[in-house]
Each structure stands twice: as structure tokens, then as C-alpha cells.
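The values are calculated or read from the model by the stated rules, or taken from the named source; none is laboratory data. Predicted, not measured: the structure shown is a model, and the values here were computed from it. So basically every Cβ, Gly included, is an ideal-geometry build from the backbone, and we count neighbours across all protein chains shown. These area figures cover heavy atoms from the full protein model, side chains too; ligands, DNA and RNA do not enter into them. Shrake-Rupley method; radii C 1.70, N 1.55, O 1.52, S 1.80 Å.
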Amino acid sequence: MTDERPSIQERYSTARQTSDLSLDPLTSMSPADVLTASGWAAQENEAAMLLWGVVYQGKTSDKLRLVEVLGSQLNAKMGKDRRLKGDAWKIAAEMLAWFLHGTCRPCGGLGYERTPGTPALSNRLCKVCQGTKRAHYPRSAAHIWMDAHLGSLTAKAGGEVMKKLARSMEL
Ligand SMILES: [Zn+2]
């Protein structure tokens, strides 16, 4: 059994050679769609690797570039989904700061209330963060999207780093 459908790489190289970005009758994706999809994938990989650098290697130099990429990803989503509103790059910067440093202050990121007058924690969830240990952020659709996006990029960054490690071990 062979798969007759062109691979994403084949479609991508076809798309790059096609000056007329009209619908390809053989696939459901137009060359323009393939270009958009591969552009998005490249951005996703870049964002994931930058996030990894900032979070795990403390590369503050990558932060500005990361905000740029996250902002343009959000901006692209805003073009398609009218519920996402606001300044994409400002929201990207806010949410990255929240992601990196957004610990709930009242409970110090522990998730439980302290027992007054002692260093011990009670078994009552922190009223401010409801035990999530995270600070609040503005609950606009765009902020919530970026929260979920940062979560999926973190998962992706882990996968990308593992792939790189596997590749370097083959050498
Ligand atoms: Zn709290």
C-alpha cells in the first residue's frame, strides 16, 4: 500500500514554484494554504525554541524576538477570529511576563493559605488564585488564547529539544 497523496514537503515545494496561487484541484489545500500552513509551522517552531531558551536557559536576549513572533501569531489569529481583540504585541508581552513571573503573590505561589502566625500551610485553597498558584491576568479572549498558546508551545518546545538531542546523538 503506497500513499498516493503528495507529502507536505512536495506540496510546499510545488507551492513555492507556483506563481499562480490558485486552488490545486488534486488536493483540498491551495498552494497559498500550504504556504500559510508551513509559515505557521516555522513560526511555531521558532516560538517554541525561543520560549525554551528564555525559560530554561535564561536567554533574556531572545525575549524581544519571542514577543515579536508571539505577537504576529496572535495578530494573524485576530484576522480570522473577531472575538480576539487588542494590541497583539502588547498582549504577547503581557502574557509572556505573566507566564515567566506570574506567581500568585498573596500565597507566594503555594496555592494554599498560610496558617496565621506560623510558616505552615493550611488546607484551605488560596482565595485569590483558587489553588492555581498563578496570578490573574485580564480574561479577554486574546489573553486566554495566548495563555493556551504558551502552554502548547511549552509542550512543543520539549518535543523539539528531544528531537535535537536525538539527532545530535546520531552524529
Ligand atoms: Zn494564590
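Hey, if we sort Leu74, Leu110 by accessible area with the 1.4 Å probe, largest down, what's the order?
Leu110, Leu74
Just how far, in whole angstrom, is the range 80-111 from the range 121-171 if you go by their alpha carbon centroids?
Spelled out, the Cα-based centre of one part sits 11 Å from the other.
Quote the FRET efficiency, to the nearest 0.05, computed for Arg124 versus Thr103 with a Förster distance R0 of 22 Å and r equal to the Cβ-Cβ distance.
0.75
Quick check: from the Cα gyration tensor, does the range 40-107 come out rounded (a/c under 1.5), prolate or oblate?
Oblate shape, in that a/c is at least 1.5 and b/c is the bigger or equal ratio.
Any idea what diffusion coefficient the range 70-146 gets from Stokes-Einstein, in µm²/s, Kirkwood Rh on alpha carbon pairs, 4 °C, 1.567 mPa s?
The estimated diffusion coefficient comes to 93 µm²/s.
Where Lys and Arg each count +1 and Asp and Glu each count -1, what net charge lies around His143 among other residues with Cβ under 13 Å from its Cβ?
So the surrounding residues net to +3.
May I ask you to give the solvent-accessible area per residue for the range 44-149, in square angstrom, as obtained with a 1.4 angstrom probe?
Working: 6300 Å² over 106 residues.
Accessible surface, normalised per residue, equals 59 Å².
Quick check: net charge around Ser152, other residues with Cβ under 15 Å of its Cβ, Lys/Arg +1 and Asp/Glu -1?
Local charge sum for Ser152: -2.
Given +1 on the Cβ of Lys and Arg, -1 on the Cβ of Asp and Glu, and no further charges, what dipole in debye does the range 44-149 carry about its Cα centre, rounded to the nearest 20? Intermediate results must be reported in sequence, preceding the final value.
Numbers: 16 positive and 9 negative charges, 84 e Å.
For the range 44-149, the charge dipole is close to 400 debye.
Would you work out what percent of the accessible area of the range 44-149, with all protein chains in place, is carbon or sulfur (probe 1.4 Å)?
57
Under a crude label model (7 Å from the Cα following the beta-carbon direction), how far is Lys133 from Gln57 in nanometres?
2.6
Hey, could you get me the Stokes-Einstein D for the range 29-171, Kirkwood radius over alpha-carbon pairs, 25 °C and 0.890 mPa s, rounded to whole µm² s⁻¹?
143
Quick check on my link table: of Lys127/Lys156; Lys59/Lys90; Lys90/Lys156, which ones sit more than 29 Å apart, alpha carbon to alpha carbon?
From Lys127/Lys156; Lys59/Lys90; Lys90/Lys156, over 29 Å: Lys127/Lys156.
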